[in-house]
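I have placed the structure first, in the form of structure tokens, so that the comments after it can refer back to it.
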Amino acid sequence: MSRISAKSRGNAGGKAGLLCLALWALIAGCAPRADIMPDTGKEIVIQDIRVAEGEKDVSIIITASQPLSYLALPSQLGLDIILENISFESFSEEIPVENDLIQSIKCEWKKDTCSARISLGLKKAARHEVLNEEKGLVIKYQKPDASPSKDKEGEEEKEETEKKVAHKEAQAIEKEAWVKRVDFETQKGGRSRVIIETSAEAPYELKRLDKRLVLILFRTRILKCQERPLITTRFKSAVDRISPAQDRDQKDTVLVTVELREAVPYRIEHKGNLYVLHFDPSNIPPRPLAAAHLPDWERIMEESATELLRKKEKKEKLSEEKPATEYGKVYTGQKISLEFQDADIHNVFRILTDVAGKNFVIGDDVKGRVTLKLVDVPWDQVMDLVLQMNKLGTQTDGNVIRIARLEALQQEQDAIAAKTASKEKAEPLITRYIAINYAKAEEIKARLDEVKSERGIVTVDERTNMIIINDIPSAVQRAEDVVKRLDIATRQVVIEARIVEASSDFARKIGIEWGGEWGNNSTILGGAVSAGNVTIPGDSFLVNLPPDETTSGIGFTFERLAGSASLTLNAQLMAMEAEGEGKIISTPKIATLDNVTAMIQQGDKIPYPEQTEDGISIAWIDATLSLEVTPHISPDGKIGLLINVKKQRPDWTNTVMGAPAIRTKEAETEVLVSDGETVAIGGIIIGEKLWGIKRVPWISRIPVLGWFFRSTSRKTETSELLIFITPKIIWAEKDHIADANNIL
């Protein structure tokens, strides 16, 4: 098992850091600074810096030989005054102060650039105001309101409050964790793990960005000597680099960035103050150490996932935290407060150079004076305002911003365009024959007309589906690039639909018939029995309420003699019960190209009579099962479907002039489905309950006895329709598959 640790390289890293610092100091001291050279005019002399205390305020008075141009940068407990073109009569790094509000006044003077920084430190927070006098500056701090009573109890309460605050701050510091080690270990089979140990348990969060994982440790700090990347490209694992660093914005947060060769499964294990990231093996072989690109620490920080994650979060918050200007531009620079009175524009740009951290190159024709007062304005907006006021423009090249007159920049662009045009006119023409494999040459020709030069000619040969272009080499290269991107095989999709129809029904009917004869004359009680449409003579029924369809029955005859007369009663009780279930599954399937409509159908054509002027003619109507669909494959692998599913079948139980009615079930919708996923696009459930009764008026309502004078029927029917769609991509371009596999 191989193992490397960040602690093992502390001494070597420290020596390398000192060597780099010495080289940087040598280069910085020797390199000319043409962009921030001091003015050649008369320097302003600082004559005195003193503190004056009044009843309600404390003033720091800076006396100079003439009015000052300054930049004021406020902090939590203090203020930094930056001055340009400055010298001192008697320079002192620190001004002695004995005051209840002002803690310190420190000065820093750079003779080579003739700039100075005066740092004011406070013992407690207070409001301030900067006044630009005729000879110097006055910074006034308002004293905090005095307490109405200063007895011992008030002082004791104040001391107790201060002790509680100090105790809470001390507890917060004690709870802060420190990174003790960052290790990398390889295991059997190409597996690996990254181990981070802290001095105490800290809350964490794991984020993923492309092929990078960022472990965020909150309330945690890391030493500068540990902020060094661990390069693991020579090991057989999925990890290429581990970069621990302190968050630049949140000073109590540590970010451990793990860069991977490819996306592999991973998991995190947290036990107390140990955080272990486990990674599965990678299919990409390790690179030798000599071939690994080892940029310096600044470049690593710029390209790390930490920076990408921070840019992404800032971009999401821009619309909420930083409103756009009238022209729609959003400024993201550090906010500053400054005031200028008839200051030279070069001094303004020198101050913005220190704030922005960028290099400014100023043209010889840039001149002007600036007067403005701004509070909490982004530095890039300040620069735009100064440029607009003086009709200036910029050109940015990496970390260098060039400032020149708008006329000069426009002339340069015109000269470059003229040079390019003349070069194109002098270039020889070449001819290329570009074969089109999948698209139509005429369609691609319209795109090539947009990239050809003025001298270029694009023609199409329809027989061979080929494009012929005669143009300069650069335009021909652009045309070939366009054809390479557009002439690709269209992906195909197979769409399968399932139409499920289920039905169930139940029916029950109960009826009764009874009648008879009495007396010697055989007087009939009732009439002839009717069974459906057939009349059976010889039988007599007083109540004739049989069910429509009879499956069973029971009958009896009652006869009694009463003297010479007789009484005969005949009765029949009949019943019917029916139950049924049915299921129909239809599965149409069709394949088509991306963005191409396809249709498949199967069924019959039903003839039916139609009245015309010449008489009755025969027309035909479709009774088919059809599927019509238009797919669209999105770049992320989703499939959008515009679907029309229709099922029509004849109903021979309902006919008109011998032609059946057509039962139609149809669904039309648009859905977005993943590859191979099944989705239900629609469903219909129909339930029907019927209940009927036939009876003799009045008598049938008598309890118990009424059963002999009525018949009942009950029927329940339920039908369901469900439609399912399953799309599958059956072909995809290799580039698209590679892009999909790279998505984490």
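When 417, 446 are checked against the criterion of being within 29 Å of residue 593 (Cα to Cα) and open to solvent by less than 70 Å² (accessible area, probe 1.4 Å), 446 stands alone in meeting it.
Pairs linking a residue in the range 624-641 that is in contact (Cβ under 8 Å) with a residue 60 or more places away in the chain and closer than 30 Å to residue 607 by Cα to a residue that is of a type in the set (Gly, Ala, Ser) and not in a strand (DSSP E or B), with Cβ atoms under 9 Å and 6 or more positions apart or on different chains, do not occur. Residues of the range 441-459 that are hydroxyl-bearing (Ser, Thr, Tyr) and part of a loop (DSSP other than H, G, I, E, B): 453 alone. Among the residues of the range 92-101, is any in a loop (DSSP other than H, G, I, E, B) and at pLDDT below 80? Looking through the range 92-101, none of the residues is in a loop (DSSP other than H, G, I, E, B) and at pLDDT below 80.
Residues are listed down the side, and each one gets a yes or a no for (1) out of contact with any helix residue (DSSP H, G or I) (no Cβ under 6 Å at 6 or more places or on another chain); (2) part of a helix (DSSP H, G or I); (3) open to solvent by 30 Å² or more (accessible area, probe 1.4 Å):
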residue	(1), (2), (3)
365	yes, no, yes
371	yes, no, yes
381	yes, yes, yes
384	yes, yes, no
388	yes, yes, yes
404	yes, no, no
407	yes, yes, yes
412	yes, yes, yes
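If only residues of the range 459-474 that are more than 16 Å from residue 436 (Cβ to Cβ) and touching a helix residue (DSSP H, G or I) at 6+ places or on another chain (Cβ under 8 Å) are counted, the one that is most open to solvent (accessible area, probe 1.4 Å) is 474. For residues that are open to solvent by less than 20 Å² (accessible area, probe 1.4 Å) and closer than 19 Å to residue 582 by Cβ, scanning just the range 500-517, find the one that is farthest from the chain's Cα centre (by Cα). So, considering only residues that are open to solvent by less than 20 Å² (accessible area, probe 1.4 Å) and closer than 19 Å to residue 582 by Cβ, the one farthest from the chain's Cα centre (by Cα) is 507.
Residues in the range 236-272 that are touching an Asp or Glu at 6+ places or on another chain (Cβ under 8 Å), part of a loop (DSSP other than H, G, I, E, B) and open to solvent by less than 50 Å² (accessible area, probe 1.4 Å): 238, 261, 264, 272.
For the range 564-619, a residue qualifies if it is at pLDDT below 80 and outside any strand (DSSP E or B), and the qualifying residues are 564, 613, 614. The condition (being within 48 Å of the chain's Cα centre (by Cα), among the basic types (Lys, Arg) and in a strand (DSSP E or B)) is satisfied by just one residue among 728, 694: 728. For residue 376, the test of being outside any helix (DSSP H, G or I), under 20 Å from residue 70 (Cβ atoms) and open to solvent by 30 Å² or more (accessible area, probe 1.4 Å) is passed. Across the range 321-363, the qualifying residues are those that are basic (Lys, Arg) and assigned to a loop (DSSP other than H, G, I, E, B), and the one among them that is modelled with the highest pLDDT is 358.
Yes or no, residue by residue, for (1) at pLDDT below 85; (2) hydroxyl-bearing (Ser, Thr, Tyr); (3) open to solvent by 80 Å² or more (accessible area, probe 1.4 Å); (4) farther than 26 Å from residue 511 by Cβ:
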residue	(1), (2), (3), (4)
632	no, no, yes, yes
635	yes, no, yes, yes
649	yes, no, yes, yes
656	yes, no, yes, yes
674	no, yes, no, yes
694	yes, no, yes, no
700	yes, yes, no, no
705	yes, no, yes, no
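Put simply, of 115, 119 the only residue that is closer than 19 Å to residue 355 by Cα, among the hydroxyl-bearing types (Ser, Thr, Tyr) and touching a residue at least 60 places away in the same chain (Cβ under 8 Å) is 115.
Residues in the range 471-521 that are within 30 Å of residue 431 (Cα to Cα) and either part of a strand (DSSP E or B) or not aliphatic (A, V, I, L, M) (or both): 471, 473, 474, 477, 478, 480, 481, 484, 485, 487, 490.
Residue pairs whose Cβ atoms lie under 6 Å apart, sitting 6 or more positions apart in sequence or on different chains, and linking a residue in the range 592-609 that is under 25 Å from residue 495 (Cβ atoms) and without any contact (Cβ under 8 Å) to a residue 60 or more places away in the chain to a partner that is outside any strand (DSSP E or B) and open to solvent by less than 100 Å² (accessible area, probe 1.4 Å), are 600/588. Screening 41, 14, 10, 54 for residues that are exposed (fewer than 15 other Cβ atoms within 10 Å of the Cβ), farther than 30 Å from residue 241 by Cβ and modelled with pLDDT under 50 leaves exactly one candidate, 41.
The values are calculated or read from the model by the stated rules, or taken from the named source; none is laboratory data. This structure is a prediction, so every number in the text was calculated from the model and none was measured. Reconstructed Cβ throughout: ideal geometry from the backbone, glycine too, with neighbour counts over all protein chains shown. The protein model used for the area step is the full one, side chains on, heavy atoms only, and it has no ligands, DNA or RNA in it. Shrake-Rupley method; radii C 1.70, N 1.55, O 1.52, S 1.80 Å.
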